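See below for the structure under consideration.
The values are calculated or read from the model by the stated rules, or taken from the named source; none is laboratory data. Keep in mind that this is a model prediction, so the values were computed, not measured. Positions of Cβ are generated from backbone atoms using ideal geometry, with glycine treated the same way; all protein chains shown enter the neighbour counts. Side chains are part of the model used for accessible areas, which takes the heavy atoms of the whole protein and leaves out ligands, DNA and RNA. Shrake-Rupley method; radii C 1.70, N 1.55, O 1.52, S 1.80 Å.
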Amino acid sequence: MVLFTTVGSSSHTFPELIKASSNSHFLWKSATTKIRSTMTSQVSKTVLRLEAEDVQALKDGINFKKNPKDGKCYIIYKGKDEIRACVNQCKHQGGLFIKDIEDIDGRTVRCTKHYWKLNVATMEYVNPPDSFMQDELEAVLSDTDGSLELMELNPPDPWTAEHREAQELRAGEITLTYITHACMELKAGNKRMMFDPWLTGPAFARGWWLLHEPPTDAMDRLSQADLIYISHMHSDHLSYPTLRRLSEMRPDIPIYVGDTSRPVFWYLDKSGVNLTNVNVVPFGVWQNVDEHLRFMILMDGVHPEMDTCLIVEYKGHMILNTVDCTRPNNGRLPHGVDLMMSDFAGGASGFPMTFHGGKYTESWKAHFIKNERKKLLNYKTQLVKTLQPKIYCPFAGYFTEAHPSDRYIKETNIKNSAADLNESIRKSCPNILTWTPLPGSVLDLALALKNPSNKSAITDPPNDTKIYKDSWNFDLYLDELNAAVSAEIFQFKSWIQFYYNWAGFKGYNLVIR
């Protein structure tokens, strides 16, 4: 039996699972004193929708748009490669913005109350300088009908509810051990939490394989964790080869996922993996593990239907794990957290490596990939600079296209390195401690916060530790993948064509091998 538990919108304690009857139904019993809360689930709502013709009519630069239903006004900035938007309301005392007659570049608006000025291209207040950032709305442009929706999260900063003051930590009280790719083990007090365990096998069919060799005891660590967080359904985070082995060791291990519209475990019933304690939790609600430890799952602003990120708090100390989110929590994130972790590598798309002919020459691809890599590195550096975490760790990018058939993609698809990103961050923010993790390396948060120069704060793995994988047991996994070619859909060519037509694929010649 597969058990999915949907946790309600009040703040919750970590549950103790007890079997209630022989037919495998379960009840929940609180393992600690239950902490009640008035918190409600964070929701995303559309505040303004423009049809395709209205989107096409947007001029370059600043546009003022009013919602005819409620009369509220919004500012939309149309740039060369992006659309940004916000409510037409000054953060100082709520005045309305109008076009700034002194603006030369078409980016600045002026408040009618006290003449504050906002650069809508950056969402920064430029007069007075270094004052505020404007709260930004998520602009979602439809690929299907060309419409534009402005989305707002409510509440925008849910982690501020039920605030806890930071307490002094003892050495060893909070440690993080890097396992591989996006998998970290967090020890906080007497609890252990694992993030996104991909410990064996491929991801994305045979496309990605682990770059780092997980510690030899990684699967034992995973099976002994108190809880597991899985951010989203992509197979480098939701690894069924890993979960199959886990289910044989401990099928009732508590696993927590966000309440995305595309369920993380939508395939669990068909997978043959027997996990009996999957918990779906609402966004923006503290989940209490014990007296000191709690966590909150937040949605991504660009892909709220699928991607999530995580805040973990222990004795008032926050750890922010943005995982793969393109715009975590719509860009609203806590500042000054103790540790921030994020992806860094890029190169996750098959574009443009799998495109040939026309403009897709080798030099065009190399130039495109280089620019994309540079944009991502600059974005991550700027995000860290804005949020000012005390410690930053790049992870969730340690994969490789290891299969011999993908040699061309591996050689073409050059990615950012964690060391390059950390170097960029140190140049921009010399006050932030950076950690480039290796499998088995440990960060002691208390020691790092007390003295960032303390070399004992980060423990590297032993010298004889195997860092990089050099074999992946391809055949074991590819035999299973190849068996899927006999699936019913592949028996009829017209079914494949129907699928791609239904998905809206057009404008290219598609070759399926």
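If I ask for residues that are of a type outside the set (Gly, Ala, Ser), at pLDDT 95 or above and over 13 Å from the mean Cα position of the chain (by Cα), which ones from region 321-345 would you list?
Once the filter is applied, which keeps residues that are of a type outside the set (Gly, Ala, Ser), at pLDDT 95 or above and over 13 Å from the mean Cα position of the chain (by Cα), region 321-345 yields 334, 335, 337, 338, 339.
On the basis of being within 26 Å of residue 450 (Cα to Cα), modelled with pLDDT of 95 or more and aromatic (Phe, Trp, Tyr), does residue 399 make the cut?
no
Please enumerate the residues belonging to region 385-412 that are within 19 Å of residue 231 (Cβ to Cβ) and assigned to a helix (DSSP H, G or I).
387
Just to be sure before I move on: is residue 446 open to solvent by less than 40 Å² (accessible area, probe 1.4 Å) and free of Cβ contacts under 8 Å to residues at least 40 places away in the same chain in the structure I sent?
No.
Within the set of pairs 6+ apart or on separate chains, which have a first residue in region 239-251 that is under 16 Å from residue 183 (Cα atoms) and free of Cβ contacts under 8 Å to residues at least 40 places away in the same chain, a second that is assigned to a loop (DSSP other than H, G, I, E, B) and open to solvent by 20 Å² or more (accessible area, probe 1.4 Å), and C-beta atoms under 8 Å apart?
The qualifying pairs are 240/267.
Are there any pairs, at least 6 apart or on different chains, whose C-beta atoms fall under 7 Å, with the first in region 38-62 and over 30 Å from residue 287 (Cβ atoms) and among the basic types (Lys, Arg) and the second in a loop (DSSP other than H, G, I, E, B) and open to solvent by less than 50 Å² (accessible area, probe 1.4 Å), and if so, which?
So the pair list comes out as 49/147.
Where residues in region 278-310 are part of a loop (DSSP other than H, G, I, E, B) and aromatic (Phe, Trp, Tyr), which of them is farthest from residue 151 (Cα to Cα)?
Only one residue tops the list, namely 286.
Is there any pair with a first residue in region 271-290 that is without any contact (Cβ under 8 Å) to a residue 40 or more places away in the chain and a second that is of a type outside the set (Lys, Arg) whose Cβ atoms are under 7 Å apart and which are 6 or more apart or on different chains, and what are they?
These pairs meet every condition: 271/240; 273/240; 273/243; 273/247.
Take the residues in region 125-138 that are within 24 Å of residue 66 (Cβ to Cβ) and either of a type in the set (Asp, Glu) or at pLDDT 90 or above (or both); name whichever of them is surrounded by the most Cβ atoms within 10 Å (Cβ to Cβ).
Of everything passing the filter in region 125-138, 137 is surrounded by the most Cβ atoms within 10 Å (Cβ to Cβ).
For region 363-382, does any single residue satisfy the condition of being touching a Cys at 6+ places or on another chain (Cβ under 7 Å) and within 26 Å of residue 177 (Cβ to Cβ)?
no
Per-residue answers, yes or no, for (1) in a strand (DSSP E or B); (2) open to solvent by less than 100 Å² (accessible area, probe 1.4 Å); (3) modelled with pLDDT under 95:
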| residue | (1), (2), (3) |
| --- | --- |
| 41 | no, yes, yes |
| 74 | yes, yes, no |
| 77 | yes, yes, no |
| 93 | no, no, yes |
| 101 | no, no, yes |
| 105 | no, no, yes |
| 115 | no, no, yes |
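Could you tell me how many of the residues in region 480-496 are modelled with pLDDT of 80 or more, over 18 Å from residue 204 (Cβ atoms) and open to solvent by 100 Å² or more (accessible area, probe 1.4 Å)?
Qualifying residue count, region 480-496: 1.
Here are 318, 296, 306: which of them is at pLDDT below 95 and either among the polar types (S, T, N, Q) or buried (at least 18 other Cβ atoms within 10 Å of the Cβ) (or both)?
306
Tally the residues that are modelled with pLDDT of 90 or more and open to solvent by 70 Å² or more (accessible area, probe 1.4 Å), restricting the search to region 79-91.
So the answer is 1.
State all residues of region 311-337 that are out of contact with any Cys (no Cβ under 9 Å at 6 or more places or on another chain), under 16 Å from residue 175 (Cα atoms) and either part of a helix (DSSP H, G or I) or polar (S, T, N, Q) (or both); if no residue qualifies, say none.
none
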